[in-house]
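What follows is a short report on a single structure.
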Amino acid sequence: MRRTERAAAALLATLCLGAVAPAKAQDLTLAVAAPATSFDPHYHTLTPNASLTDHVFEALVERTAEGRPIPGLAVSWKTIDDQTWEFKLREGVKWQNGQDFTAEDVVNTINRVPKVLNSPGSYAVYTRSIDRMEVVDPHTIRFHTKTVYPLLPTDLTQVAIIWRGLGDEVPTADFNSGKAAIGTGRYKLESYEHGTRAIFVRNDAYWGEKPTWGRVDYRMIANDGARVAALQAGDVAFIDSVPTQDVGKLSKEKGIHISRADSLRSILMRVDFREQTPYVSGPNGEKLDKNPLLDRRVREALSVAINRKAIVDRIMSGAASPAGQMMPEGTFGYNPKVEPPPYDPARAKKLLAEAGFPDGLTLTLLAPNNRYVNDSLIAQAVGQMWARIGVRATVDAMPSSVFFQRTAQQDNSVSLSGWANSVGEPSPGLKSQFGTRDRTKGWGAVNHTLYSNKEYDALLTEALQTVDDEKRDAMFQDLAAILAKDFAYIPLHHQVNLWAMRDTLRHEARADEQTRALDIKPAK
């Protein structure tokens, strides 16, 4: 970006956000790219939401930056028998209204999770294994699971605990207004402007290590240029989702440095498995009798027509790696035999012809324009690649809040999206994205494409009940192979997480992509 353009972006940031007074000592102002969809910690399984609400709420089990489970509101956990987990809760913890934290708060939370209305991605995927709860004493709770379930502590890293006094049907609006934003965390919510900013103040009564910052101004600036300009101008001290094309320049700029971590996030495309789909038609826009995406050959054609290395090199500036499966290399459940689909436009054309579409197809590719790194640019590149095999794609890019509502309502045929394997292993994504929809099991929460495979479901059921880690890892690898063979989705790449900050700060970079004041400290 030229100097004049950068100055204009800085002016835009100032006009949109208002003038910023110099930060007081021990105060922090940061900016994130992706706006949260709610302050309700159980509303939407979305990383920006978790990053935001983690300042106020805590889980029984927390995670290290690398994704390993560690004690949170629970100090320990163990199995009593094959279907019973006992959690010992931390004593002396106070809610921000002065009430004591007890096992009843946990019961209320687990009961509420499946009741959240209009959730675009339910947290029930993390709680459905629980058949009933038993309060042993105020600081001991037992979870009785429906079957043998070794992953419960991992799942509970995703579930923020809320105060029992709110009840298990507290509406999402009460969290967004701040009325229900009563946590046990390091910060209290002072104000929340939906999609724009949140102000947090230090919780001096916090049970653990005292919070670093007296006040946190947590802004949401979707425009890349405006966000970078705000950092350069000193209006904010920290930003996430650094545009890949700006990394080199910012790295050399005096007073600024970069933080990075290999990401657990997979960027992918989902395809509709319904008999009829709204945004796919013949080569000249004619209506088709049946959804062509149901034909595996069409799905494979769309996948092998994509030059993943070109996207990584030219659009992501090397800050990604081509993907053929959900988990990145070196993680639990990664299958070394499942490689990224090879770029082969000639084969793609042949497959389309074999499927009965020698002249191609017409479709709309839905994508967010402010959620993932270079999301709309990636969608445009994919559309151009598909054009070379006769698939005429119209890219419809929109704010993530609109995008997630449309996909939840199944108002799409092909969409570019992502999934953060935040717990460090693939079970939540395998259940919620590709498991056949089943509310009683909590499967398919974001399986808006209605993919269903009996062989996959049976193996996943077995894997989730396998206590032996080595055997479960092998099963997860086999599940990755089934999805790849079926072209159940179109994998693109795994991101590298990038943050930039003033040199007065240091940052513990997280593999789960979360951006939190909790991980930022003064440099000295």
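The values are calculated or read from the model by the stated rules, or taken from the named source; none is laboratory data. Given the structure is predicted, the values throughout are model-derived calculations rather than measurements. Methodologically, a virtual Cβ is constructed for each residue, glycine included, from the backbone with ideal geometry; neighbour enumeration extends over all protein chains shown.
A few points about this structure:
- Qualifying residue in the stretch 309-323 (condition: within 19 Å of residue 296 (Cβ to Cβ) and surrounded by 15 or more Cβ atoms within 10 Å (Cβ to Cβ)): no
- The stretch 408-461, residues that are modelled with pLDDT of 90 or more, assigned to a loop (DSSP other than H, G, I, E, B) and under 14 Å from the mean Cα position of the chain (by Cα): 426
- Residue list for the stretch 318-334, filter: assigned to a loop (DSSP other than H, G, I, E, B) and either farther than 20 Å from residue 496 by Cα or hydroxyl-bearing (Ser, Thr, Tyr) (or both): 331, 334
- Condition broken by residue 258, with the remaining ones in (1) in contact with a Ser or Thr (Cβ under 7 Å, 6 or more places away or on another chain); (2) of a type in the set (A, V, I, L, M); (3) closer than 24 Å to residue 193 by Cβ satisfied: (3)
Condition check ((1) of a type outside the set (Gly, Ala, Ser); (2) more than 17 Å from residue 49 (Cα to Cα); (3) modelled with pLDDT under 95) across all residues:
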position: 107; (1), (2), (3): yes, yes, no
position: 124; (1), (2), (3): no, no, yes
position: 129; (1), (2), (3): no, yes, yes
position: 135; (1), (2), (3): yes, yes, no
position: 141; (1), (2), (3): yes, yes, no
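- Among residues of the stretch 299-313 that are more than 18 Å from residue 413 (Cα to Cα), those with a Cβ under 7 angstrom from a residue that is charged (D, E, K, R) and in a helix (DSSP H, G or I), sequence gap 6+ or separate chain, pair up as 304/347.
- The strands (runs of 3 or more DSSP E) found wholly in the stretch 202-299 and carrying at least 1 residues that are among the β-branched types (Val, Ile, Thr) and more than 25 Å from the chain's Cα centre (by Cα) occupy 256-271.
- Wholly enclosed strands (runs of 3 or more DSSP E) of the stretch 51-96 bearing at least 2 residues among the hydroxyl-bearing types (Ser, Thr, Tyr) and over 18 Å from the mean Cα position of the chain (by Cα): 74-81
Table: residues versus (1) modelled with pLDDT of 95 or more; (2) not in a strand (DSSP E or B).
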{"residue": "476", "(1), (2)": "yes, yes"}
{"residue": "482", "(1), (2)": "yes, yes"}
{"residue": "499", "(1), (2)": "yes, no"}
{"residue": "506", "(1), (2)": "yes, no"}
{"residue": "510", "(1), (2)": "no, yes"}
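- Single unsatisfied condition, residue 384 versus (1) touching a strand residue (DSSP E or B) at 6+ places or on another chain (Cβ under 9 Å); (2) under 22 Å from residue 321 (Cα atoms); (3) part of a loop (DSSP other than H, G, I, E, B): (3)
- Yes/no for residue 350 being outside any strand (DSSP E or B), more than 24 Å from the chain's Cα centre (by Cα) and surrounded by fewer than 19 Cβ atoms within 10 Å (Cβ to Cβ): yes
- Within the stretch 98-109, the presence of at least one residue that is of a type in the set (Ser, Thr, Tyr), within 28 Å of residue 198 (Cα to Cα) and in a helix (DSSP H, G or I) is confirmed.
- Checked against the criterion of being buried (at least 21 other Cβ atoms within 10 Å of the Cβ) and either without any contact (Cβ under 8 Å) to a residue 40 or more places away in the chain or not polar (S, T, N, Q) (or both), the stretch 76-84 contains not a single residue that satisfies it.
- Looking across the stretch 163-178, the residues that are over 22 Å from residue 120 (Cβ atoms) and not in a helix (DSSP H, G or I) come down to 163, 167.
- Of all residues in the stretch 409-429, none that is without any contact (Cβ under 8 Å) to a residue 12 or more places away in the chain and crowded, with 24+ Cβ neighbours inside 10 Å has its Cβ atom under 6 Å from the Cβ atom of a residue that is of a type in the set (Phe, Trp, Tyr) and part of a loop (DSSP other than H, G, I, E, B), 6 or more apart or on another chain.
- So residue 392, is it among the basic types (Lys, Arg), part of a helix (DSSP H, G or I) and touching a strand residue (DSSP E or B) at 6+ places or on another chain (Cβ under 7 Å): no
- Of all residues in the stretch 47-75 being polar (S, T, N, Q) and buried (at least 19 other Cβ atoms within 10 Å of the Cβ), the one that is farthest from residue 421 (Cα to Cα): 53
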